[in-house]
Amino acid sequence: MTPEEQKERIRQLSKELNQVEYNLTDEDGAKDQLLKTIEWRKANQIDFHPVATKDNKLPVLYAVRGYDAIPDSNLESVPGVSEAVLRINKYMGEEVEGYHLACNEFLHRVVMKDCSKKAGRPINRETVIFDCTGMGWRQLHMPALNFIRAIADCDQKYYPETLNKFFLVNAPSAFVYVWKIVKAWLDPGTIAKIQILGSDYKDALLKQIPSENLPSFLGGECTCQHMDGGCVPSQATKDNETVSTAYNTQIMNEAKTSDTVRGPSFYE
Ligand SMILES: [Zn+2]
């Protein structure tokens, strides 16, 4: 990247950040964070990560509904999506990081841009519901926790101020111990946004989320009957490549040279 290009990218990002009442205490801190973000994106070739759009018809990595930029869709076990992504509902492992990055890019470059267009104002925060049903010590072992740490680190550094609320529902009793460990890795601002709930989560969720947007199995009215499998991905794994990225090797390679496969830029 030339110094001119770098300047332009910083200018664009600053503009975006200013529009969303970004909580930065000093200008130098903001500039420093932007420079680090750009360097990190460059070093890890994040700008070449593909995101699903209407045009490239890549499989989406999680269920979406109600967007213009992407057809209503559920996660499908089609070739192209790595096996790691399809397994994500059941296990936590090394591949989670690659999947998480791909989801972040999709969220910022496709979904949030679409939301902003619809709402007529910048929307750049997400509300996350993480359902722990079926989880126990097996998923909460140390390697998994270290990945939670890596993910939290990455988000706090390179996707700052993008979380609205994080609800953990159906938390197993083992999570009391886990939370003590995880909490130490998070910024106080992030901790304040996290709510850990057992099986009596319904009222807390409905306080934040309109009932028509909350899946029925979480106490809302949304059933997404027009999508295979309903509101959440439900597909099993079959004949998919095991790679550390969310998409298979062919798609990752195509994204390096094709604007269409790559989808919208982070900086636009
Ligand atoms: Zn739904």
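Take the Cα of GLU268, step 7 Å toward its Cβ, do the same at ASP55, and the gap between the two points is 0.6 nm. Label-to-label distance, LEU206 versus GLN225, with points set 7 angstrom from Cα along the beta-carbon direction: 2.1 nm. Any idea what % of Cα-Cα pairs in the stretch 50-255 are farther than 32 Å? Within the stretch 50-255, distances greater than 32 Å cover 14 percent of Cα pairs. Here r is the Cβ-Cβ distance between SER173 and SER244 and R0 is 30 Å; the resulting FRET efficiency, rounded to 0.05, is 0.40. The relative contact order of the stretch 50-255, computed from alpha carbon pairs under 8 Å that lie at least 6 residues apart in sequence, is 31 percent. Summarising the label geometry, the points placed 7 Å from Cα in the beta-carbon direction at LYS180 and ASN213 lie 3.6 nm from one another. Net length available on complete extension from ASP153 to ALA192 is 12.4 nm, with 0.36 nm assigned per residue and the Cα-Cα distance removed.
Stretched out straight at 0.36 nm per residue, the stretch from VAL128 to ASN253 would grow longer than its current Cα-Cα span by 42.0 nm.
Report the FRET efficiency, 1/(1 + (r/R0)^6), for ASN146 and SER116, where r is their Cβ-Cβ distance and R0 is 35 Å, rounded to 0.05. With R0 = 35 Å, the Cβ-Cβ based efficiency is 0.55.
All of the numbers you see were taken from the coordinates with simple rules; none came from a lab. Small disclaimer: the values here were computed from a predicted structure and weren't measured. Because the Cβ atoms are built from the backbone with ideal geometry, glycine has one as well, and the counts that use them run over all protein chains shown.
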